[in-house]
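Visitor: First the structure, then my questions, so here it is.
None of the figures in this text is laboratory data; all of them are computed from the coordinates on show. Quantities reported herein were computed from a predicted structural model and do not represent experimental measurements. Cβ atoms come from the backbone with ideal geometry, glycine included; neighbour counts cover every protein chain shown.
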């Protein structure tokens with residue numbers, strides 16, 4: 001699509017874009033509005049939330065200031081970031097995620113559900129995890145009797161548009177009264193209605209050594 005045509009479409013959708021190059025594959029800068037979230041950007045640019053987050057490491061996903069200039073990765077860069085998260089060996093003893101090698105302490109076959117930052121789902125705790133940090137992609141609620149709080153995780157096997165494709169690094173940084181045994185609750189951006197589409201999925205959790 002030509003530059004002017006895409007700009008017109010974006011304007012109709014209420015999105016402001018600053019182009020850094022003329023090529024359709026070149027990186028762009030998105031000017032945030034009051035309705036901008038990493039999830040809305042991922043939907044508009046056909047990327048994952050994690051790819052948007054990786055391109056904007058200094059931006060608080062839960063507090064995007066109006067007028068902020070957000071980097072939108074090129075398709076090739078986004079593909080490379082996703083490809084970097086892959087198993088390093090077939091024996092589940094080590095994996096590479098984000099270019100870093102991790103030793104695997106154990107693997108857990110878990111049942112996963114999803115939750116959001118909505119007040120109705122978090123009660124008096126608000127949009128914070130157990131440690132008081134803002135909920136973000138990669139936050140996972142666990143049963144501390146099965147997975148220790150603060151443990152790094154790598155999760156595969158889920159299917160949800162708002163999460164990284166193929167697997168993601170995560171942190172066991174939250175808990176909930178209904179999260180018992182080999183069940184985990186994965187934070188996802190968006191609304192409660194959107195999160196319900198996640199349903200209940202069977203996933204594989206690699207518990208990583210510190």
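Visitor: Can you give the FRET efficiency to the nearest 0.05 for residue 191 and residue 31, using r as the Cβ-Cβ distance and R₀ = 25 Å?
Guide: According to the calculation, E is roughly 0.60.
Visitor: So, one more: Rule-of-thumb check for segment 101-210: C-alpha Rg over 2.2 N^0.38 Å?
Guide: Relative to the 2.2 N^0.38 Å estimate, segment 101-210 comes out at 0.97.
Visitor: Still on this model: Once you put a point 7 Å from the Cα of residue 149 and another 7 Å from the Cα of residue 178, both along the Cβ direction, what distance in nm separates them?
Guide: About 2.0 nm separates the two model spin labels.
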